[in-house]
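Where a number appears in this text, it was derived from the coordinates with a stated rule and is not lab data. These numbers come from a predicted model, not from an experiment. For neighbour counting, all protein chains shown are included, and Cβ atoms are generated from backbone atoms with ideal geometry for every residue, glycine included.
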Amino acid sequence: MIIEPRMRGFICLTAHPQGCEQNVINQINYVKSKGAINGAKKVLVIGASTGFGLSSRVSAAFGSNAATIGVFFEKAPSPGKTASPGWYNSVAFQKQAQKAGLYAKSINGDAFSNEIKKKTIDLIKADLGQVDLVIYSLASPVRTHPTTGVMHRSVLKPIGQTFSNKTVDFHTGVVTNISIDPATEDDIANTVTVMGGEDWQMWMEQMLAAGVLSEGAMTIAYSYIGPGLTEAVYRKGTIGRAKDHLEATAFTIADKLKSINGKALVSVNKALVTQASSAIPVIPLYISLLYKIMKAKGIHEGCIEQMQRLFADRLYHGDATPTDDKGRIRVDDWEMRDDVQSEVAKLWEQATTETLPAIGDLPGYKTDFLNLFGFAVAGVDYAADTDENVSMPGLV
Ligand code: NAD
Ligand code: NA
């Protein structure tokens, strides 16, 4: 069928298999163009189908010839109905890995559940024995707790006071003021339960107990800090509490991994357009200004540039991994540069519906958003009849 984007709010209901495939091929070509990385050889990526997780998987497989297992939660296609983009991304990744002679298998299911953890551990045991790198890159609005069965829902709210600031509807370019009421204690607790470190710790404890982590194995989870502009709703809001918890959990896990000389680290990444970030108020306006400035300075990066740099310049560059005073890896270093942030702050003051086309990179935002779903990708023939109902090789 002919597949077109069908937008509803922050999401697109359709996805294009060829566009997603081309995106994955572009990421692979980028990683190859940067040369080999002397990195991990057996890698588990939890949250492997989109965003930073997909780019981590591509960097490991095509930078270091790593065998990879990917875990994700995606919607399979059915006749007349497209899959979610992460499904098509993973189909493309599996195909390309197979072609390159790389081991790659994928598990589609709820990573928060005991069942999927066990299934993953069993697969590692059967096929790889052990893994030496575990990437934890989940982003989800909900988590069913595996012990209590309670479904927790995360919220994006400020803490302590109402937050009022500008935001943009990136579909229309209209800049408005929004007000978000402060979170309740329950909101905070639920958000920490969903996006904090508890599930990461469960994964690592269960893998350690099962003996599927190799001597010296490393695990990394992803965090975000961002500027003063977004602080009240992001880093000092409910999601920030979850990130505080995730970052603290790295130390707890590191302690537990001492028995295998393992490491647990958090990498703070740059603000980028992903399905997760487009749903956060204020962030799209910030990103559209940030993109404009970083592109003008020649320091703009997407997920693949970020993850390739994380692997090549931070984790596997033959020396100790540089971290900040809180033990975090920083690949948001260019985003947080003083010259970048002072210019964003200046533009923020000026941003209105009328000025944004000139001062912001809304077209770049929109293109990135469409790209997430496989649309507006160069070289893809969108008028061509395409098979939406593709199955995934290597799906366990
Ligand atoms: P994303 O939405 O692109 O990816 C989320 C991944 O998690 C997908 O593979 C999805 O299938 C998987 N997933 C979601 N729920 C699942 C479940 N129940 N079981 C199994 N898999 C599930 O998100 P992203 O932006 O790449 O975020 C990944 C991490 O990076 C998050 O911790 C996020 O906070 C962090 N981060 C994001 C940004 C940003 O600007 N996007 C910046 C810095 C850090
Ligand atoms: Na991800």
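If the reach is capped at under 20 angstrom between alpha carbons, list the aspartates and glutamates near K75, excluding any in the same chain fewer than eight residues apart.
Within reach: E4, E21, D110, E115, D387, E388.
Equivalent-ellipsoid semi-axes (√(5λ), Cα gyration tensor) for the stretch 286-325, whole Å, largest first? If you can, show how the numbers build up before the last one.
Working: eigenvalues 126, 26, 14 Å².
Those come to 25, 12, 8 Å.
Decide, for the stretch 149-216, between rounded, prolate and oblate: order the square roots of the alpha carbon gyration tensor eigenvalues as a ≥ b ≥ c, take rounded if a/c falls under 1.5, and otherwise choose prolate if a/b is larger than b/c, else oblate. Mind dumping the intermediate values first?
Values: a/c = 3.74, a/b = 2.20, b/c = 1.70.
Prolate, since a/c reaches 1.5 and a/b exceeds b/c.
Which of T274, T238, T353 moves most in a GNM of the chain, Cα contacts under 10 Å?
Among T274, T238, T353, the largest mean-square fluctuation in the Gaussian network model of the chain belongs to T353.
List, in the order given, every pair from K34/K99; K41/K366; K42/K99; K32/K119 whose Cα-Cα distance in the structure shown is over 24 Å. Let's see the in-between values first.
Numbers: K34/K99 20 Å; K41/K366 36 Å; K42/K99 18 Å; K32/K119 31 Å.
Those over the limit are K41/K366; K32/K119.
Does the stretch 304-396 classify as rounded, prolate or oblate by the C-alpha gyration tensor (a ≥ b ≥ c root eigenvalues; a/c under 1.5 gives rounded; else a/b over b/c gives prolate, otherwise oblate)?
On the way: a/c = 3.34, a/b = 1.14, b/c = 2.94.
Verdict is oblate for the stretch 304-396.
For a test of the definition: using alpha carbon positions, the gyration tensor, and the 1.5 limit on a/c, classify the chain as rounded, prolate or oblate.
Cα axes put the chain in the rounded bin.
Any chance you could run the full-extension gain for R328 through M7? It's 0.36 nm times the residue separation minus the Cα-Cα distance, nm to one decimal.
Numbers: separation 321, 0.36 × 321 = 115.56 nm, distance 3.64 nm.
So the extension gain works out to 111.9 nm.
Rounded to two decimals, what is the ratio between the C-alpha radius of gyration of the stretch 111-187 and 2.2 N^0.38 Å? Please report the intermediate quantities before stating the final value.
Numbers: Rg = 19.7 Å, N = 77, 2.2 N^0.38 = 11.5 Å.
Rg over 2.2 N^0.38 Å, computed on Cα atoms: 1.72.
How would you rank V134, V212, V58, V155, going from fewest to most other Cβ atoms within 10 Å of each one's own Cβ?
Going from least to most buried by this count: V155, V212, V134, V58.
Could you list the chymotrypsin sites (Phe, Trp or Tyr not before Pro) in the stretch 246-351 that lie in coil according to DSSP, counting only those with at most 14 other Cβ atoms within 10 Å of their Cβ?
Working: sites: F251, Y286, Y291, F311, Y316, W334, W348; in loops: Y316, W334.
Qualifying residues, ordered by number: none.
Rg/Rh for the stretch 139-264: what does it come to with C-alpha atoms and Rh from Kirkwood? Walk me through the numbers on the way to the answer.
Details: Rg = 17.5 Å, Rh = 16.2 Å.
Radius of gyration over Kirkwood radius for the stretch 139-264 works out to 1.08.
Please figure out what share of the DSSP beta bridges in the chain is antiparallel and state it in percent, rounded to the nearest 5. Present the calculation step by step, with values, prior to reporting the outcome.
Values: 13 of 41 bridges.
Here the share of antiparallel DSSP bridges comes out near 30 percent.
Mind sorting I280, I287, I359 by how few other Cβ atoms lie within 10 Å of their own Cβ, fewest first? Display every interim value, and only then the final one.
On the way: I280 21, I287 29, I359 18.
So the ranking, lowest neighbour count to highest, is I359, I280, I287.
Are any of the pairs K125/K256; K236/K270; K236/K263 more than 25 Å apart by Cα-Cα distance, and if so, which? Show your work: numbers first, answer last.
On the way: K125/K256 21 Å; K236/K270 17 Å; K236/K263 27 Å.
The answer is K236/K263.
Using a Gaussian network model on the chain with a 10 Å cutoff between Cα atoms, which of L272, L285, L13 fluctuates the most?
Comparing L272, L285, L13 in the GNM, the peak value goes to L13.
Once amide H atoms are placed 1.01 Å from N in the peptide plane, what residues at a sequence separation of 5 or more from M7, or on another chain, have their amide H within under 5 Å of its amide H?
L13
Determine the relative contact order of the stretch 275-396: mean sequence separation of Cα pairs under 8 Å and six or more apart, normalised by residue count, in whole percent.
On the way: 60 pairs, mean separation 40.7, N = 122.
For the stretch 275-396, the relative contact order is 33 percent.
Once the Cα gyration tensor of the stretch 263-310 is found, what semi-axes does its equivalent ellipsoid get, as square roots of 5 times the eigenvalues, in whole Å, sorted largest first? Intermediate results must be reported in sequence, preceding the final value.
On the way: eigenvalues 80, 52, 14 Å².
After diagonalising the Cα gyration tensor, the semi-axes are 20, 16, 8 Å.
Can you give the net charge of the other residues whose Cβ lies under 13 Å from the Cβ of V331, counting K and R as +1 and D and E as -1?
Within the 13 Å Cβ shell, the charges total -1.
Could you give me the percent of Cα pairs per 10 Å distance bin for the stretch 191-236, shortest bin first, beginning at zero and ending with the bin that holds the maximum distance?
21, 38, 25, 14, 3
Sequence-distant or interchain residues sharing an amide H contact under 5 Å with M218, placed H: which?
Those qualifying (amide H under 5 Å, at least 5 residues apart or on another chain) are L133, V134, K263.
Between E335, E185, E21, find the one with the highest GNM mean-square fluctuation for the chain; connect C-alpha pairs within less than 10 Å.
Judging by the Gaussian network model, the answer is E185.
Less than 10 Å Cβ to Cβ from P393, Lys/Arg counted +1 and Asp/Glu -1: what total charge do the surrounding residues give? Each step should come with its number before you reach the end.
Numbers: positive: K95, K105; negative: none.
Taking every Cβ under 10 Å from that of P393, the sum is +2.
Cβ under 13 Å from L128's Cβ, L128 left aside: what net charge do those residues give with Lys, Arg +1 and Asp, Glu -1? Write out the running numbers ahead of the final one.
Details: positive: K41, K42, K105, K125; negative: D122, D127, D132.
Summing Lys/Arg as +1 and Asp/Glu as -1 gives +1.
Let me see the pair-distance distribution of the stretch 195-352: every alpha carbon pair, 10 Å bin width, integer percents in order.
The distribution over the stretch 195-352 is 10, 35, 34, 15, 5, 0, given as percents.
Quick one: what are the phi-derived ³J(HN,Hα) couplings along the stretch 126-143, Karplus 6.51/-1.76/1.60 with θ = phi - 60°, whole Hz, x for glycine and proline?
Result, rounded to whole Hz: 6, 9, 10, x, 9, 10, 10, 8, 10, 9, 10, 9, 7, 9, 8, x, 9, 8.
Please give the contour-minus-distance gain from K119 to K75: 0.36 nm per residue of separation, less the Cα-Cα distance, rounded to one decimal in nm.
Values: separation 44, 0.36 × 44 = 15.84 nm, distance 1.88 nm.
Residue separation times 0.36 nm, minus the Cα-Cα distance, leaves 14.0 nm.
Quick one: length gained pulling A384 to K346 fully straight, 0.36 nm per residue minus the C-alpha distance? Display every interim value, and only then the final one.
Values: separation 38, 0.36 × 38 = 13.68 nm, distance 4.47 nm.
Between A384 and K346, full extension yields an extra 9.2 nm.
So what is the calculated 222 nm ellipticity per residue for the chain, using -39500 (n - 2.57) for each DSSP H run with n of 4 or more, over all residues, to the nearest 500 deg cm²/dmol? Could the numbers behind the result be given before it?
On the way: 13 runs with 152 residues, N = 396.
Mean residue ellipticity at 222 nm (helix-derived): -12000 deg cm²/dmol.
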